[in-house]
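One structure is given here, and the rest of the page talks about it.
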Amino acid sequence: MAKEAASKVYVPPGSHDEMYAFMSGGFSGQVSVYGIPSGRLFKVIPVFSQNPETGYGYSEETKAMLNTSYGFVPWDDAHHPEFSQTNGVPDGRWLFINGNNTPRIARIDLHDMETAEIMEIPNSAGNHGSPFTTMNSEYVVAATRFSVPVPQKDVPIASYKENFKGALSFVKVDPKSGHMNVAFQIMVPGFDYDLAHCGKGPSHGWAFFTCYNSEQAHTLLEINASKNDKDYIAAVNWKLAEKYIAEGKGKSMPANYYHNYVDEKTRVAKSEKVQSVKVLDPKECPGLIYYLPTPKSPHGVDVDPSGEYIVGGGKLATVLPVHSFSKMLKAIETNQVEGKIEGIPVLKYSATLAGEVKNPGLGPLHTEFDGKGYAYTSAFISSEIVKWKIGTWQVVDRIPTYYAIGHLSIPGGDSAKPWGKYALALNKVAKDRFLPTGPNQPQSAQLFDITGDKMKLLLDFPTIGEPHYAQMIPAEILTKHNQQIYALESNGNPNGIMMEDDAKVERKGNEVHIKMIATRSHFTPDCIEGIKVGDKVYFHVTNQEQDWDLPHGFAVQGMRNSELLIMPGETRTIVWEPKAPGVYPMYCTDFCSALHQEMQGYLRVSAAGSNVPIKYGTGK
Ligand code: K7E
Ligand code: CUA
């Protein structure tokens with residue numbers, strides 16, 4: 001057994017993994033990149049959190065990525081990585097991920113696996129049901145987990161029912177550049193909108209959102225939001241929304257949110273403030289949105305590869321309800337409505353239901369698909385993956401997970417064409433699975449072989465942060481586009497230089513700007529005098545290398561932000577404010593050559609009023 005499993009995850013030294021897994025870091029705010037089936041960690045991509053390892057969020061080129069309407073927010077809680085898609089198939093261009101706490105969506109460019117853009121979502125609180133994509137990434141969606149006063153205002157919390165609203169946002173993605181903008185929002189009753197998935201095939205043009213707390217409780221939700229037998233899946237016809245917007249039904253509402261992106265030419269991040277958002281009111285937009293009753297406090301909502309079936313993960317439900325898209329359309333056509341909530345028709349449960357999976361485990365959360373007619377649902381409380389057949393709704397297999405599984409992931413498992421083969425369980429609790437590491441144990445991932453009738457456990461491995469969700473993709477889709485260097489000749493950074501002859505040190509008032517080259521194995525300039533206490537010293541360091549995998553690092557003694565890790569052909573800037581006269585070393589932090597230790601220099605700092613002139617040495 002162990003031997004068989006070992007042979008399936010063993011990637012011999014020097015060989016490559018078959019797939020990539022991109023896992024959210026949860027409260028680490030980052031994305032981590034693993035190889036599958038080995039479970040080897042390759043990279044942490046900084047997204048919502050500063051990363052002193054590379055200088056992300058510290059360097060002048062990246063700081064703007066973390067600007068928000070609340071100020072500079074260097075952390076978030078990232079839950080759902082989601083690949084861009086073409087015709088419903090992950091295309092390897094971008095990876096989107098949500099920031100839950102300060103509502104944001106980030107876009108990672110998969111060519112260099114760096115964060116390229118972060119869009120704040122207005123009128124939202126807890127951007128949890130996000131950023132799930134439509135079939136051609138026309139949109140990524142964002143649902144507010146917490147309803148809040150819209151627009152924000154000072155009201156008693158007990159006025160929840162009258163004052164609190166939810167927003168479902170549709171963020172347009174430019175098909176060429178990937179640039180995002182909030183196209184429109186739909187104002188919805190003040191429930192907790194939890195998760196989302198977009199339709200595909202026949203249901204392309206629709207998006208589905210779960211909600212709990214249809215009770216509209218504002219305190220002790222544990223009890224007060226668990227009263228109703230059923231909450232809802234909101235089905236939104238976004239193609240119709242586009243029509244309403246085109247007809248001018250969208251009201252422009254004042255807002256204040258940030259759009260941060262890396263400028264393509266300079267590779268310097270900039271922030272733009274956006275000051276309005278288009279809002280649709282369901283009362284004025286018939287046919288825009290329907291509620292599908294769904295037992296009970298549903299969490300996940302997942303659409304099968306055909307686009308016909310919509311699975312609700314009712315975390316307190318005893319069955320797993322599966323809605324039928326075609327039945328839903330028929331129910332709309334024949335007006336199978338049991339009521340209306342703030343203008344939104346509630347369809348009859350029996351009219352949209354395709355079937356119920358009996359005995360789906362306790363606390364069913366999320367479902368993924370293998371493309372062979374089977375669905376796999378994670379059950380948090382009973383800690384298992386339950387495999388069932390689409391159409392018969394029969395459970396055909398189940399396997400324990402260790403412990404407390406949240407999401408699971410199958411390569412392409414939420415797309416129109418799953419690659420199948422593996423299921424990855426993302427478990428909340430590792431408990432005794434690994435060597436103890438003090439009070440805090442890592443979260444754990446478990447890899448299963450799903451090629452046979454019976455699921456087989458292959459591998460346990462620890463993860464970074466809390467990987468709520470992951471996306472997996474065959475490696476060759478990404479490797480063929482992997483970017484190895486940034487071309488020096490297209491370095492558009494205004495402070496970048498191509499040659500050592502262009503290196504210089506300039507004083508502008510109390511700012512000192514140092515344009516510096518890093519190359520094996522020296523800095524130019526490497527000795528600088530004339531810096532004074534009270535100065536702001538900008539190190540603009542260009543890595544002149546044009547070879548793959550040859551970063552240089554840069555750090556100064558006592559610097560109070562972070563190092564820089566500069567990729568080949570790239571310019572990064574860090575600011576140093578020396579506090580006391582003296583001579584301070586700087587050095588390269590990345591062991592880049594046999595003479596890496598020689599890659600160093602000195603900075604002379606004189607007293608505030610001194611008249612030591614700017615002078616720099618290049619060793620020549
Ligand atoms: Cu279930 Cu944030 Cu998708 Cu965690 S979420 S598990
Ligand atoms: Cu450059 Cu070490």
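The values are calculated or read from the model by the stated rules, or taken from the named source; none is laboratory data. Since the model is a prediction, treat every value here as computed from it, not as a measurement. With ideal geometry, Cβ positions are generated from the backbone for all residues, glycine too; neighbour counts draw on all protein chains shown. These area figures cover heavy atoms from the full protein model, side chains too; ligands, DNA and RNA do not enter into them. Shrake-Rupley method; radii C 1.70, N 1.55, O 1.52, S 1.80 Å.
Can you tell which of GLU338, GLU356 is part of a strand (DSSP E or B) and over 32 Å from the mean Cα position of the chain (by Cα)? Write out each step before concluding.
On the way: GLU356 fails: over 32 Å from the mean Cα position of the chain (by Cα).
Sole residue among the options that is part of a strand (DSSP E or B) and over 32 Å from the mean Cα position of the chain (by Cα): GLU338.
Please go through the stretch 446-470 and pick out each residue that is open to solvent by less than 10 Å² (accessible area, probe 1.4 Å) and within 13 Å of ligand 1 (Cβ to nearest atom).
Hits for the stretch 446-470 are PRO467, TYR469, ALA470.
Anything in the stretch 171-214 that is within 16 Å of GLY88 (Cα to Cα) and part of a loop (DSSP other than H, G, I, E, B)? List them, or say none.
Taking the stretch 171-214 and keeping what is within 16 Å of GLY88 (Cα to Cα), we get 173, 175, 196-208.
Matches in the stretch 171-214: PRO175, GLY199, LYS200, HIS204, GLY205.
From (1) touching a Lys or Arg at 6+ places or on another chain (Cβ under 7 Å); (2) open to solvent by less than 40 Å² (accessible area, probe 1.4 Å); (3) not in a strand (DSSP E or B), pick out the condition that doesn't hold for PRO293.
Evaluating PRO293 over (1) touching a Lys or Arg at 6+ places or on another chain (Cβ under 7 Å); (2) open to solvent by less than 40 Å² (accessible area, probe 1.4 Å); (3) not in a strand (DSSP E or B) leaves (3) as the failure.
Matching residues to (1) under 24 Å from the mean Cα position of the chain (by Cα); (2) over 22 Å from ASN237 (Cα atoms):
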site: PHE146; (1), (2): yes, yes
site: LYS153; (1), (2): no, yes
site: TYR160; (1), (2): no, yes
site: MET180; (1), (2): yes, no
site: ALA183; (1), (2): yes, no
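Could you check, for the stretch 578-590, whether at least one of its residues is touching a Ser or Thr at 6+ places or on another chain (Cβ under 8 Å), surrounded by 23 or more Cβ atoms within 10 Å (Cβ to Cβ), touching a residue at least 40 places away in the same chain (Cβ under 8 Å) and in a loop (DSSP other than H, G, I, E, B)? Spell out the reasoning first.
At the first step, the residues of the stretch 578-590 found to be touching a Ser or Thr at 6+ places or on another chain (Cβ under 8 Å) are 581, 588.
Of the ones still in play, those that are also surrounded by 23 or more Cβ atoms within 10 Å (Cβ to Cβ) are 588.
Within this subset, residues satisfying the condition of being touching a residue at least 40 places away in the same chain (Cβ under 8 Å) are 588.
Next, from what is left, pick out any that are in a loop (DSSP other than H, G, I, E, B): 588.
Checked against the condition, which is being touching a Ser or Thr at 6+ places or on another chain (Cβ under 8 Å), surrounded by 23 or more Cβ atoms within 10 Å (Cβ to Cβ), touching a residue at least 40 places away in the same chain (Cβ under 8 Å) and in a loop (DSSP other than H, G, I, E, B), the stretch 578-590 yields at least one hit.
Could you count how many residues in the stretch 70-91 are open to solvent by less than 40 Å² (accessible area, probe 1.4 Å) and more than 19 Å from TYR469 (Cβ to Cβ)? Give the steps one after another, and end with the answer.
Keep residues of the stretch 70-91 that are open to solvent by less than 40 Å² (accessible area, probe 1.4 Å), which gives 71, 73, 76-85, 88-91.
So of that shortlist, the ones also more than 19 Å from TYR469 (Cβ to Cβ) come out as 71, 73.
Going through the stretch 70-91 one residue at a time, the tally reaches 2.
Can you tell me which residues in the stretch 473-498 are touching an Asp or Glu at 6+ places or on another chain (Cβ under 9 Å) and farther than 28 Å from PRO90 by Cα?
The answer is LEU488, ASN491, GLY492, ASN493, ASN495, GLY496, MET498.
Can you go through GLU368, GLU308, GLU272, GLU333 and tell me which one is open to solvent by 10 Å² or more (accessible area, probe 1.4 Å) and touching a residue at least 24 places away in the same chain (Cβ under 8 Å)? Explain how you work it out, then say what you get.
On the way: GLU368 fails: open to solvent by 10 Å² or more (accessible area, probe 1.4 Å); GLU272 fails: touching a residue at least 24 places away in the same chain (Cβ under 8 Å); GLU333 fails: touching a residue at least 24 places away in the same chain (Cβ under 8 Å).
Only one candidate passes the filter, namely GLU308.
Which residue pairs have Cβ atoms closer than 9 Å, lie 6 or more positions apart in sequence or on different chains, and pair a first residue in the stretch 531-552 that is at positive phi with a second residue that is within 13 Å of ligand 2 (Cβ to nearest atom) and open to solvent by less than 20 Å² (accessible area, probe 1.4 Å)?
Pairs that qualify, where the first residue is at positive phi and the partner is within 13 Å of ligand 2 (Cβ to nearest atom) and open to solvent by less than 20 Å² (accessible area, probe 1.4 Å), are ASP549/PRO568.
Given the options LEU280, LEU316, LEU320, name the one that is open to solvent by 30 Å² or more (accessible area, probe 1.4 Å) and within 29 Å of the chain's Cα centre (by Cα). Can you show your working first?
Details: LEU280 fails: open to solvent by 30 Å² or more (accessible area, probe 1.4 Å); LEU320 fails: open to solvent by 30 Å² or more (accessible area, probe 1.4 Å).
It is LEU316.
Would you point out the residue of the stretch 596-620, among those that are in contact with a strand residue (DSSP E or B) (Cβ under 8 Å, 6 or more places away or on another chain) and closer than 16 Å to GLN544 by Cβ, that is most open to solvent (accessible area, probe 1.4 Å)?
Ranking the candidates gives GLY619 first.
Suppose we filter the stretch 211-241 for residues that are on the phi > 0 side of the Ramachandran plot and either in contact with a His (Cβ under 9 Å, 6 or more places away or on another chain) or open to solvent by 70 Å² or more (accessible area, probe 1.4 Å) (or both); how many remain?
1
Being touching an Asp or Glu at 6+ places or on another chain (Cβ under 6 Å) and either closer than 23 Å to GLN483 by Cα or within 16 Å of ligand 1 (Cβ to nearest atom) (or both) is the filter here, so list the residues in the stretch 520-551 that pass it.
Just the residues of the stretch 520-551 that are touching an Asp or Glu at 6+ places or on another chain (Cβ under 6 Å), to begin with: 521, 524, 536, 543, 551.
Of everything in the stretch 520-551, those that are touching an Asp or Glu at 6+ places or on another chain (Cβ under 6 Å) and either closer than 23 Å to GLN483 by Cα or within 16 Å of ligand 1 (Cβ to nearest atom) (or both) turn out to be ASN543, PRO551.
Which of the numbered conditions does TRP548 fail, given that it passes all the others? Conditions: (1) open to solvent by 50 Å² or more (accessible area, probe 1.4 Å); (2) within 16 Å of ligand 2 (Cβ to nearest atom); (3) outside any loop (DSSP other than H, G, I, E, B).
(3)
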